[in-house]
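As structure tokens, the structure follows; a few thoughts come after it.
The values are calculated or read from the model by the stated rules, or taken from the named source; none is laboratory data. Nothing here was measured: the structure is a model prediction, and the numbers come from that model. When we count neighbours, we look across all protein chains shown, and the Cβ atoms used for this are built from the backbone with ideal geometry, even at glycine. Please note that ligands, DNA and RNA were not included when accessible areas were found on the heavy atoms of the full protein model with its side chains. Shrake-Rupley method; radii C 1.70, N 1.55, O 1.52, S 1.80 Å.
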Amino acid sequence: MITDVPNETGPEPLAVLIVGAGFSGLAMAIRCKQAGIAPLRVIEKADSLGGTWHDNTYPGAACDVPSHLYSLSFAPKADWSRMYAPQPEILAYLRETAERHGLMPLIRLGTSFQGATWDEAGGVWRVATDRGPITARSIVSGMGGLHHPAYPDLPGRDSFAGPAFHTATWDHAVDLTGKRIGVIGTGASAIQVVPELAKVAGHLTLFQRTPPWIMPKNDHAIAERAKTRYRRLPLIRRLERARLFWLHEVRALLGFTKVSKLTGQAEALARRHLAKAVPDKALRAKLTPNYRLGCKRVLISDDYYPALQRPNVTLETGGVARVTPTGLVTQDGQAHDLDVIVYATGFDVTATFTRMTLVGRSGLTLKQAWSGGMGAYQGITVAGFPNYFMLLGPNTGLGHNSVVAMIEVQVQHVLDCLKALRRGTRVIEVRPEAQARFLDRIRTRLADSIWQAGGCRSWYLDAEGRNATLWPDSVMAYRRSARRARMADYRLG
Ligand code: NAP
């Protein structure tokens, strides 16, 4: 059992502690290793690496961004099986990538980050984990925001007698064949799991609160010929990646972050997709959103609408009132008897940061720093928290393109800072005025964004209606803003 990581590497504190072995933590670790930054450790709370792709093993789990784009530019894979890779293939990719880059000896699995305190005199972070303390000169958080399952606050939730689980904590021991399954939620996870469950369920009842906007996915296997070409001619693969990048990027450039003429055109496209897939008028009416496309994440699927028309599937829109030992009761008083309940109800995005205790300079906690809402300079650094960096921090999520592209920008930015620390600087901390300027810029852009003005309520917004999750512009704009760490915006000491 690992109790004290620095003891393994000698009396010196770690140069960097990376928290999380998902896409972002692994990307950071590879680039640190390539830059010769050592000693370096990655801690991961799960018993295996992969982050989101380790946790989400529900039937049908797959990426909704094309695989050649949803992968690291410096760890290419020529032989993706499908346009949109399934979860096991993405997980295998992350494992292979970690192994190929020699990361395995640096990763401590089953080690949970509990918090950290900045030691001013020592110029180090004193980190608490469930396996003992760690001392590190800097911390890079690769914890992401989508890993604390959110459950609806329904009366009687614990009273259900049968199996009940969340899409992110799937219970594979439960045989679903022939069962009466209730699924709550109609987000990105639900639209992937529902078609698979419908194939095996005796009856599936889907409890919808808000219908999502859905576009065709056009998923398909990638031909062997194409895989060989990508392997033999890396330039062709790079061109394909660039084509996919710009295809997605153009959505932001065309104004997908704001309500515009194009919003109406995209809505017409999605309505045509719905009309073609669902001839029944009454069902179609239930599935037609009453808010602007883009306000919530735009989903893509070819099999969700067909699944809802199977004879063993019912769509309930009455709203869930409570849970009973035998099933769910909707607002209209109707009881739905069930054998299994599946919560496809998303994640608590603020929990990542509110559940840990991060104590920065002069006893300032991250909770105090964020009492008026989460926010970070470039989504990466927070004034008062020296040598602490976040990957996929506030306002760096995306609705229109691959989040891996954002991770790569952040990794470069953090690397610049870590290199400055290696050159003899002890402390690097963002200047409060630089952070305030950045957050002002973001807030101005967000004020009339589609997430604010689109007539919906989504997990992008916090309890006060502020959007601290999404980057309100293109990936290229973020690249320009964040790729290089501008040392003038930092205080070096
Ligand atoms: P989500 O988008 O937050 O969806 C949660 C769903 O649960 C919503 O439909 C919500 O309804 C519903 N819900 C919550 N409480 C409810 C209640 N009391 N009664 C009825 N319905 C309730 O969560 P998710 O689908 O897990 O997706 C979260 C994020 O994960 C996505 O936006 C995406 O970024 C990521 N993801 C990505 C992929 C991928 O393919 N790359 C796949 C899955 C997830 P309302 O809409 O009314 O709130």
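Inside segment 38-76, can you point out the residues that are farther than 22 Å from H220 by Cα and of a type in the set (G, A, S)? Residues satisfying the conditions are A38, A46, S48, G50, G51, S73, A75. Scanning segment 174-208 for residues that are acidic (D, E) and surrounded by 23 or more Cβ atoms within 10 Å (Cβ to Cβ) yields a total of 0. As a summary of the residue check, A78 satisfies the conditions (1) closer than 15 Å to F23 by Cα; (2) hydrophobic (A, V, I, L, M, F, W, C); (3) in contact with a Phe, Trp or Tyr (Cβ under 9 Å, 6 or more places away or on another chain) except for the one numbered (1). Within segment 337-361, the only residue that satisfies the criterion of being more than 16 Å from the ligand (Cβ to nearest atom) and of a type in the set (G, A, S) is G360. Cβ-Cβ contacts under 7 Å between residues 6 or more apart (or on different chains), taken from a first residue in segment 364-391 that is of a type in the set (S, T, N, Q) to a second residue that is at pLDDT below 95, are listed as T365/T357; N387/L421. Applying a threshold of 7 Å to beta carbon distances and a minimum spacing of six or more residues, or different chains, the list of pairs starting in segment 149-163 at a residue that is within 16 Å of D348 (Cβ to Cβ) and of a type in the set (G, A, S) and ending at one that is within 11 Å of the ligand (Cβ to nearest atom) and assigned to a loop (DSSP other than H, G, I, E, B) reads A150/T345; A150/G346; A150/D348. Among the conditions (1) within 16 Å of the ligand (Cβ to nearest atom); (2) surrounded by fewer than 16 Cβ atoms within 10 Å (Cβ to Cβ); (3) of a type outside the set (G, A, S), the only one that P211 does not satisfy is (2). For segment 109-127, residues that are of a type in the set (A, V, I, L, M) and surrounded by fewer than 17 Cβ atoms within 10 Å (Cβ to Cβ) total 2. Taking the condition of being open to solvent by 30 Å² or more (accessible area, probe 1.4 Å) and away from the ligand (no atom under 14 Å from the Cβ), how many residues in segment 137-173 meet it? Adding up the residues that qualify gives 9. Scanning segment 33-60 for residues that are open to solvent by 10 Å² or more (accessible area, probe 1.4 Å), closer than 20 Å to G144 by Cβ and within 16 Å of the ligand (Cβ to nearest atom) turns up G51, T52, W53, H54, D55, N56, T57, Y58.
Picking from residues in segment 77-101 that are open to solvent by 30 Å² or more (accessible area, probe 1.4 Å) and farther than 25 Å from K217 by Cβ, the one that is nearest to the chain's Cα centre (by Cα) is R95. Between G373, G424, the distinction of being open to solvent by 10 Å² or more (accessible area, probe 1.4 Å) and closer than 18 Å to I442 by Cα belongs to G373 only.
Restricting L439, L364, L415 to residues that are of a type outside the set (K, R), more than 23 Å from the chain's Cα centre (by Cα) and away from the ligand (no atom under 16 Å from the Cβ) narrows the list to L364. Just a yes or no: is a residue in segment 217-226 open to solvent by 20 Å² or more (accessible area, probe 1.4 Å), of a type outside the set (K, R), assigned by TED's automatic domain parsing to the domain that holds V323 and under 25 Å from G346 (Cα atoms)? Looking through segment 217-226, none of the residues is open to solvent by 20 Å² or more (accessible area, probe 1.4 Å), of a type outside the set (K, R), assigned by TED's automatic domain parsing to the domain that holds V323 and under 25 Å from G346 (Cα atoms). Here the strands (runs of 3 or more DSSP E) wholly within segment 164-232 that include at least 3 residues being under 26 Å from the mean Cα position of the chain (by Cα) are 164-166, 180-184. Selection of segment 301-332 for residues being within 12 Å of the ligand (Cβ to nearest atom), in a loop (DSSP other than H, G, I, E, B) and buried (at least 18 other Cβ atoms within 10 Å of the Cβ) yields only S301.
Output yes when any residue across segment 291-298 is more than 10 Å from the ligand (Cβ to nearest atom), touching a residue at least 60 places away in the same chain (Cβ under 8 Å) and of a type in the set (S, T, Y), and no when none is. Within segment 291-298, not a single residue is more than 10 Å from the ligand (Cβ to nearest atom), touching a residue at least 60 places away in the same chain (Cβ under 8 Å) and of a type in the set (S, T, Y). Each residue in segment 333-370 was checked for being open to solvent by 20 Å² or more (accessible area, probe 1.4 Å), part of a loop (DSSP other than H, G, I, E, B) and farther than 18 Å from L392 by Cβ, and 5 pass.
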